[in-house]
Amino acid sequence: MLDDLRSIPIADYDYPLPDGRIARYPLEQRDHSKLLCLKDGKITDYHFYDLPLLLPANAMLVFNDTKVIHARLLFRKETGAVIEIFCLEPYRMAVSEAFEQRQRCTWMCFIGNNKKWKEGSMSGEWQIEGERFRLVATRREAVGNAWIVDFEWTGGMSFAEVIENAGVIPLPPYLGREAEESDAERYQTVYAHYEGSVAAPTAGLHFTPEVFDALKQKGIDTEYLTLHVGAGTFKPVSTETIGAHEMHVEKVFVTTEMLRHIAAHQGPCIAVGTTSVRTMESLYWFGVRLKHNPELEAMHIDQWDPYTLDDCGMDCAAAYTEVLRWMERSGIDHMEGETQLMIAPGYRYRTINGLVTNFHQPKSTLLLLVSALIGDRWRDCYRYALDHDFRFLSYGDSCLFLV
């Protein structure tokens, strides 16, 4: 199976996306976006505020509550050249711990205009509530296409406060514009909580307090997990076959309370966004790995694990129970792990019965994930969306796929 999957041509997951169909800006009202629904084999369209009416009884929605950080730090040299330092993830430190650091910390970063940074450190001054502070960045060695960067700053604030005030929110490159003041609020879900993402879990951008009220009135259960979205989510598959594409690693944060809630749920489970799917399925495979080796020290799911591991016939509840037992043995009530999971056609989902998601880029791993869920019907859905004036990508419209 793995050889067949590796040989899938990415050209099979291409489609024509006119530039004018990419939503450059969000709608004024989040829940007034259009919603394409694939249910019982039929494609229909609604508005997002209709979502509660379309969900099956006793369903649970699982959300990713990550929060987008102001990851772009812009330093201006005396020559006028601008050096951009794009914070990707903390270096050898948990995300939550890194944001609590005061005075100094170290991150993995992309560096824009790196050739203009000959030597020495970059520095700049910003303000927090009228108090000025100085931030200094010192470049260390390269790791792949990223760099290790040391940050030091004056004042007693945390790095979370520093980056919130000195940085700029990162928009997807395909929007082709700089971030504006409104993006700080609109490129963030209303339930964003844990800082750490450099891209929004965009399926969640459509939810409003009114939609949550309607979900509650219908008896739809909800749960939250955390996957910090990395810059690699925008990396197109540039190889001819998907087997040569290397998936990015992303950080996962979950609690025992969340795992117990999902494991005990008896009705359909529907993920909000591809990041929620990858987290839930990764947790399943961590449970499988623990079944084979209970002495594992940490969660790390490799790109091809699902296609090489024996799942032992485990369902979602059994796999999550294995993870819970491991956490109990470890004396922890929360866990931070990593996943590099690739979900592609031929993959069998273990944790979900449906997906709320946006329309994704051609030749992307996110489109492969959708195809794994609904098969070749993705072509019909995307053709329907193009023919019916749907808006595409991060600030665009949404889909509900029920299987």
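A short reminder: the numbers here are calculations on the coordinates, not readings from a lab. The shown structure was predicted, so the numbers you read here are calculated from the model rather than taken from an experiment. Virtual Cβ from ideal backbone geometry, glycine too; neighbours counted across all protein chains shown.
At q = 0.16, 0.21, 0.25 Å⁻¹, what is the base-10 log of I(q)/I(0) for region 70-168 according to the Debye formula with one equal point scatterer per Cα and no solvent? Please give it to two decimals. Per q value, in the given order, log10 I(q)/I(0) is -0.62, -1.08, -1.51. How far is the Cα center of region 180-227 from the Cα center of region 34-83, in Å? Comparing the Cα centres of region 180-227 and region 34-83, I get a distance of 8 Å. Any idea what angle helix 209-218 forms with the longest principal axis of the chain, computed on alpha-carbon atoms, 0 to 90 degrees, nearest 10? So the inclination is approximately 30 degrees. Normalised radius of gyration (Cα atoms, divided by 2.2 N^0.38 Å) for region 1-63: 1.61.
Cβ crowding within 10 Å, taken as a proxy for footprinting-reagent exposure, orders TYR49, TYR307 from fewest neighbours to most as TYR307, TYR49.
Tell me what the chain gives for mean residue ellipticity at 222 nm when only DSSP H runs of n ≥ 4 count, each as -39,500 (n - 2.57), the sum divided by the residue total, rounded to 500 deg cm²/dmol. Write out the running numbers ahead of the final one.
Values: 12 runs with 105 residues, N = 403.
Mean residue ellipticity, 222 nm, calculated: -7500 deg cm²/dmol.
Treating each Cα of the chain as an identical point scatterer and summing with the Debye formula, the log10 of I(q)/I(0) at q = 0.09, 0.11, 0.12 Å⁻¹ comes to -0.56, -0.84, -1.00.
For the chain, the antiparallel share of DSSP beta bridges with both residues in that region comes to about 70%. Among the GluC sites (Glu not before Pro) found in region 297-362, those both in a DSSP coil and sparsely packed, with 14 or fewer other Cβ atoms within 10 Å of their Cβ, are GLU297.
Just rank TYR46, TYR194, fewest to most, by other beta-carbon atoms within 10 angstrom.
Values: TYR46 15, TYR194 19.
Ordered by Cβ neighbours within 10 Å, fewest first: TYR46, TYR194.
Taking other C-beta atoms within 10 angstrom as a stand-in for reagent exposure, MET280, MET299 fall in the order MET299, MET280, fewest first. Considering only THR279, THR339, THR255, the Gaussian network model of the chain with Cα springs below 10 Å gives its largest mean-square fluctuation to THR255.
For an R0 of 25 angstrom, estimate the FRET efficiency from the Cβ-Cβ distance between ASP387 and ARG177 and round to the nearest 0.05. With a Förster radius of 25 Å, E is 0.40. Of the trypsin sites (Lys or Arg not before Pro) found in region 136-181, those that fall in a DSSP loop while having at most 12 other beta-carbon atoms within 10 Å are ARG177. Treating each Cα of region 185-271 as one equal point scatterer and applying the Debye formula with no solvent, the log10 of I(q)/I(0) at q = 0.18 Å⁻¹ comes out as -1.00.
With a cut-off of 12 Å on the backbone N, the residues of region 77-106 near the modelled label site 7 Å out from ASP150 along Cα-Cβ are 104-106. Phi angles of region 178-186 translate, via the Karplus equation with coefficients 6.51, -1.76, 1.60 and θ = phi - 60°, into HN-Hα couplings of 7, 5, 10, 4, 5, 5, 4, 9, 7 Hz per residue; Gly and Pro are given as x.
Counting Lys +1, Arg +1, Asp -1, Glu -1, what net charge surrounds GLU195 among other residues with beta carbon under 10 Å of its beta carbon?
Values: positive: LYS67; negative: GLU164.
Summing Lys/Arg as +1 and Asp/Glu as -1 gives 0.
In µm²/s, what is D for region 268-403 at 37 °C and 0.692 mPa s, where D = kT/(6 pi eta Rh) by Stokes-Einstein and Rh is the Kirkwood radius from Cα pairs? Result for D is 205 µm²/s.
Rounded to the nearest Hz, the phi-derived 3J(HN,Hα) couplings of region 326-343 under the Karplus curve 6.51 cos²θ - 1.76 cosθ + 1.60 (θ = phi - 60°) are 5, 5, 5, 5, 7, x, 10, 10, 8, 9, 10, x, 9, 9, 10, 4, 10, 10, where x marks glycine and proline. Legend: distances between Cα atoms for LYS67/LYS235; LYS39/LYS251; LYS42/LYS235; LYS34/LYS216; LYS34/LYS363; LYS39/LYS218; pairs beyond 25 Å are LYS39/LYS251; LYS42/LYS235. Pull out a ≥ b ≥ c, the square roots of the eigenvalues of the alpha-carbon gyration tensor of region 1-134, then state rounded if a/c is under 1.5, prolate if not and a/b is larger than b/c, and oblate in the remaining case. Because a/c hits 1.5 or more and a/b exceeds b/c, region 1-134 counts as prolate.
Other residues lying with their Cβ under 12 Å from the Cβ of ARG350 contribute a combined charge of -2, Lys and Arg counting +1, Asp and Glu -1. Under 5 Å from the amide H of HIS265 lies no amide H of any residue 5 or more positions distant or on a separate chain, with H modelled from the backbone and absent for Pro and chain starts.
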